[in-house]
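Peer 1: I have a structure here, written as structure tokens, and I will follow up with some questions on it.
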Amino acid sequence: MSPDEFRRYGKQVVDWIADYLAGIESYPVRSQVRPGEVRSMLPAHPPERGEPYENVLRDVERVILPGVTHWQHPNFFAYFPANASGPAILGDLLSSGLGVQGMVWATSPACTELETVVVDWLAELLDLPFREDGVAGGVIQDSASSAALVAVLAALGKTDRPGRIYVSSQTHSALEKAARIVGSEVRVVEVDPETLAMDSAQLRALISEDVAAGVRPALVCATIGTTSTTAIDPVREIGAVCREYGVWLHVDAAYAGVAAICPELRWINDGVAEYADSYATNPHKWLLTNFDCGVLWVRDRRPMIDALSILPEFLRNQASDSGEVIDYRDWQVPLGRRFRALKLWSVIRWYGAEGLREHIRTGVSLAQRFAGFVAADPEFELWEHHPFGLVCFRPLRTSAAETLALMERVNDSGVLYLSHTKVGDDVLLRMAIGAPMTTAEHVDHAWQVIRDARGVLGQSR
Ligand SMILES: *Cc1c(COP(=O)(O)O)cnc(C)c1O
């Protein structure tokens with residue numbers, strides 16, 4: 001493709017995306033295709049001869065779009081948001097356009113140095129203590145799962161004594177996966193049945209039991225904003241236990257961490273500055289930055305680099321040898337890395353701290369609005385903890401199966417998209433607000449749809 005052809009099709013693609021976003025409400029939120037339907041519309045064999053790009057664009061509309069769930073739809077309330085935004089899309093396009101592979105500083109100094117600056121900016125915006133100073137620092141990963149794996153590897157270090165990992169029943173499955181990858185055993189700490197926060201007294205008991213048995217406690221993962229209900233573990237209490245026993249504290253704030261950009265939500269960082277050895281949050285969830293962009297900060301990079309740095313001859317270079325530069329390949333599992341800092345930089349510059357705060361505040365206030373509707377309705381029960389954009393609730397006098405059936409009916413309609421979780425024996429519905437296009441009208445309408453579905457359920461009993 002020549003630069004002129006690229007210009008022509010590139011403009012078409014940008015126009016297509018702009019039209020898509022402008023008209024997104026005309027699509028069913030959740031894709032309506034059946035398993036295998038998209039595949040059946042695609043040729044089994046690749047073309048022998050190149051095709052005009054128009055063919056690709058035509059098939060994006062014809063084949064791909066029906067099989068897409070519209071995560072940017074203002075009525076997408078499932079899971080957590082996966083925010084996209086104009087500046088992030090453009091930043092990603094620039095990254096693709098430059099085609100840089102930033103594995104070490106020398107393979108593109110700007111890729112490394114811009115990353116150092118934007119993760120510092122983000123640390124400042126979130127009031128986190130981990131600024132680049134040669135010891136502490138941050139790095140962009142593809143995901144919070146990778147961030148957790150890096151933290152686990154750093155915590156285990158190079159000893160051959162298997163270390164144990166402590167989580168709660170509410171911790172993200174990424175930690176269990178990381179433990180499986182490294183061959184560590186996981187111990188599950190109980191949670192408070194009301195708040196679902198980790199019981200730090202039981203954590204201490206398990207750790208001291210393990211120490212007495214000669215097992216090394218390696219890492220505790222505390223979560224700020226669990227995936228299920230946005231529960232918050234007592235980081236300060238957990239941190240004190242970790243300090244006492246010399247255990248690495250990883251704080252997983254994948255979804256909720258970015259909320260600390262608002263001073264009124266900074267209480268969620270309590271204990272982080274004093275105790276966290278590593279901390280992860282995902283701008284690719286609620287901070288307007290297209291997937292993938294997860295940031296990991298560490299208090300001290302040395303254990304991580306010791307665990308991850310292997311220097312083959314073909315990567316040796318003067319800059320790395322000089323010790324004056326950061327080579328982020330040593331801060332992650334893969335060698336290669338995309339120029340992800342460009343999109344986070346675009347986002348922070350376009351919105352400014354003010355615009356980013358505004359986005360978080362809109363999500364929080366719409367969630368409060370929705371929670372108010374639920375609380376006022378005798379047919380529903382509200383899960384009281386909802387400081388962010390997620391509201392959990394359930395219809396009363398319905399079985400778990402009926403609650404799930406209600407959700408399926410709503411989701412099948414294509415009008416909106418919810419997900420669910422389980423707390424004890426109760427199935428809760430999850431209304432996760434935070435798509436950039438969601439307004440009060442969308443939230444009001446969603447509530448109407450949910451109430452109507454509840455009504456139908458009542459009649460059919
Ligand atoms: C979403 C989430 C993760 C996983 O995030 P990825 O970036 O998709 O790996 C981990 N922890 C928590 C608390 C999450 O909400």
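The values are calculated or read from the model by the stated rules, or taken from the named source; none is laboratory data. This one's a predicted model, so the numbers in the text were calculated from it and none came from an experiment. As a convention, Cβ positions derive from the backbone with ideal geometry for all residues, glycine included, and neighbour counts pool all protein chains shown.
Peer 1: Is there a residue in the stretch 401-413 that is over 24 Å from Ala259 (Cα atoms), assigned to a strand (DSSP E or B) and in contact with a strand residue (DSSP E or B) (Cβ under 7 Å, 6 or more places away or on another chain)?
Peer 2: No, every residue in the stretch 401-413 fails to be over 24 Å from Ala259 (Cα atoms), assigned to a strand (DSSP E or B) and in contact with a strand residue (DSSP E or B) (Cβ under 7 Å, 6 or more places away or on another chain).
Peer 1: Take the residues in the stretch 367-376 that are surrounded by fewer than 22 Cβ atoms within 10 Å (Cβ to Cβ) and in contact (Cβ under 8 Å) with a residue 24 or more places away in the chain, then tell me which one is nearest to Phe393 (Cα to Cα).
Peer 2: Within the stretch 367-376, the first condition is being surrounded by fewer than 22 Cβ atoms within 10 Å (Cβ to Cβ), and the residues that meet it are 368-369, 371-373, 375-376.
Still in the list and also in contact (Cβ under 8 Å) with a residue 24 or more places away in the chain: 369, 373.
Working: Arg369: 13, Phe373: 11 Å.
Ranking the candidates gives Phe373 first.
Peer 1: Among the residues in the stretch 100-111, are any within 16 Å of the ligand (Cβ to nearest atom) and in contact (Cβ under 8 Å) with a residue 24 or more places away in the chain?
Peer 2: no
Peer 1: Are there any pairs with C-beta distances below 8 angstrom linking a residue in the stretch 251-269 that is within 22 Å of Val220 (Cβ to Cβ) to a residue that is basic (Lys, Arg) and away from the ligand (no atom under 15 Å from the Cβ), with the two at least 6 apart or on different chains, and if so which?
Peer 2: Taking only residues 6 or more apart or on different chains, the pairs are Ala260/Arg266.
Peer 1: For the stretch 336-349, give me each residue that is under 18 Å from Leu98 (Cα atoms) and surrounded by fewer than 18 Cβ atoms within 10 Å (Cβ to Cβ).
Peer 2: Of everything in the stretch 336-349, just one residue is under 18 Å from Leu98 (Cα atoms) and surrounded by fewer than 18 Cβ atoms within 10 Å (Cβ to Cβ), namely Gly336.
Peer 1: Filter the stretch 414-438 for residues that are within 26 Å of Ile360 (Cβ to Cβ) and in a strand (DSSP E or B) and give the result.
Peer 2: Tyr417, Ser419, His420, Thr421, Val423, Leu428, Leu429, Arg430, Met431, Ala432
Peer 1: When you check Ala151 against the structure, is it in contact with a strand residue (DSSP E or B) (Cβ under 8 Å, 6 or more places away or on another chain) and either buried (at least 24 other Cβ atoms within 10 Å of the Cβ) or at pLDDT below 95 (or both), yes or no?
Peer 2: yes
Peer 1: Related question: State which residue pairs qualify: first residue over 17 Å from Ala435 (Cβ atoms) and inside the stretch 1-28, second residue small (Gly, Ala, Ser) and part of a loop (DSSP other than H, G, I, E, B) in any location, beta carbons under 7 Å apart, and separation of 6 or more residues or different chains.
Peer 2: none
Peer 1: Only one of Val333, Val220 is within 16 Å of the ligand (Cβ to nearest atom), part of a loop (DSSP other than H, G, I, E, B) and under 27 Å from Leu156 (Cβ atoms); which?
Peer 2: That would be Val333, the only listed residue that is within 16 Å of the ligand (Cβ to nearest atom), part of a loop (DSSP other than H, G, I, E, B) and under 27 Å from Leu156 (Cβ atoms).
Okay, residues lined up against (1) surrounded by fewer than 24 Cβ atoms within 10 Å (Cβ to Cβ); (2) among the polar types (S, T, N, Q); (3) at pLDDT below 95; (4) over 20 Å from Ala154 (Cα atoms):
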site: Ala212; (1), (2), (3), (4): yes, no, no, yes
site: Thr229; (1), (2), (3), (4): yes, yes, no, yes
site: Arg243; (1), (2), (3), (4): yes, no, no, no
site: Leu249; (1), (2), (3), (4): no, no, no, no
site: Ala259; (1), (2), (3), (4): no, no, no, yes
site: Gly271; (1), (2), (3), (4): yes, no, no, yes
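Peer 1: A further question on this structure: Tally the residues that are of a type in the set (A, V, I, L, M, F, W, C) and within 18 Å of Ala197 (Cα to Cα), restricting the search to the stretch 394-434.
Peer 2: Adding up the residues that qualify gives 2.
Peer 1: Of everything in the stretch 260-291, what is touching a strand residue (DSSP E or B) at 6+ places or on another chain (Cβ under 6 Å), assigned to a loop (DSSP other than H, G, I, E, B), more than 13 Å from the ligand (Cβ to nearest atom) and not small (Gly, Ala, Ser)? Give them in sequence order.
Peer 2: Asp277, the sole residue that qualifies.
Peer 1: Among the residues of the stretch 87-126 satisfying the criterion of being within 12 Å of Trp297 (Cβ to Cβ) and touching a Pro at 6+ places or on another chain (Cβ under 9 Å), which is surrounded by the most Cβ atoms within 10 Å (Cβ to Cβ)?
Peer 2: The selected residue is Leu122.
Peer 1: Let me ask something additional. Determine whether the stretch 350-360 contains at least one residue that is assigned to a loop (DSSP other than H, G, I, E, B), surrounded by fewer than 20 Cβ atoms within 10 Å (Cβ to Cβ) and among the hydroxyl-bearing types (Ser, Thr, Tyr). So that I can check it myself, show each step before the final result.
Peer 2: Narrowing the stretch 350-360 to residues assigned to a loop (DSSP other than H, G, I, E, B): none.
Checked against the condition, which is being assigned to a loop (DSSP other than H, G, I, E, B), surrounded by fewer than 20 Cβ atoms within 10 Å (Cβ to Cβ) and among the hydroxyl-bearing types (Ser, Thr, Tyr), the stretch 350-360 yields no hits at all.
Peer 1: Which members of the stretch 230-269 meet the condition of being in contact with a Pro (Cβ under 8 Å, 6 or more places away or on another chain) and of a type in the set (S, T, N, Q)?
Peer 2: Within the stretch 230-269, Thr230 is the sole residue that qualifies.
Peer 1: Is at least one residue of the stretch 79-90 of a type in the set (Ser, Thr, Tyr), modelled with pLDDT of 95 or more and touching a strand residue (DSSP E or B) at 6+ places or on another chain (Cβ under 6 Å)? Walk me through it before giving the result.
Peer 2: Applying the first criterion (of a type in the set (Ser, Thr, Tyr)) to the stretch 79-90 yields 79, 85.
Now restrict to residues that are modelled with pLDDT of 95 or more: 79, 85.
Subsequent filtering for residues that are touching a strand residue (DSSP E or B) at 6+ places or on another chain (Cβ under 6 Å) retains 79.
Among the residues of the stretch 79-90, at least one is of a type in the set (Ser, Thr, Tyr), modelled with pLDDT of 95 or more and touching a strand residue (DSSP E or B) at 6+ places or on another chain (Cβ under 6 Å), which makes the answer yes.
Peer 1: Tell me which of these Ala84 doesn't satisfy, since it passes every other one: (1) within 16 Å of the ligand (Cβ to nearest atom); (2) crowded, with 24+ Cβ neighbours inside 10 Å.
Peer 2: In the conditions (1) within 16 Å of the ligand (Cβ to nearest atom); (2) crowded, with 24+ Cβ neighbours inside 10 Å, Ala84 misses (2) alone.
Peer 1: Filter the stretch 168-188 down to residues that are within 12 Å of the ligand (Cβ to nearest atom) and either under 18 Å from the mean Cα position of the chain (by Cα) or surrounded by fewer than 24 Cβ atoms within 10 Å (Cβ to Cβ) (or both), then give me how many there are.
Peer 2: 9
Peer 1: Being surrounded by 14 or more Cβ atoms within 10 Å (Cβ to Cβ) and among the aromatic types (Phe, Trp, Tyr) is the filter here, so list the residues in the stretch 311-335 that pass it.
Peer 2: Tyr328, Trp331
Peer 1: Let me ask you something else. Can you tell me which residue in the stretch 1-33 is farthest from Gly67 (Cα to Cα), limited to those that are touching a Phe, Trp or Tyr at 6+ places or on another chain (Cβ under 8 Å) and not in a helix (DSSP H, G or I)?
Peer 2: Per the criteria, the residue is Met1.
Peer 1: Continuing with this model, one more query. When you look at Val295, is it β-branched (Val, Ile, Thr), assigned to a helix (DSSP H, G or I), touching a residue at least 60 places away in the same chain (Cβ under 8 Å) and within 15 Å of the ligand (Cβ to nearest atom), yes or no?
Peer 2: Answer is no for this residue.
Peer 1: Can you name every residue in the stretch 113-145 that is over 15 Å from Asp327 (Cα atoms), away from the ligand (no atom under 16 Å from the Cβ) and in a helix (DSSP H, G or I)?
Peer 2: Those that are over 15 Å from Asp327 (Cα atoms), away from the ligand (no atom under 16 Å from the Cβ) and in a helix (DSSP H, G or I): Val118, Asp120, Trp121, Ala123, Glu124, Leu125.
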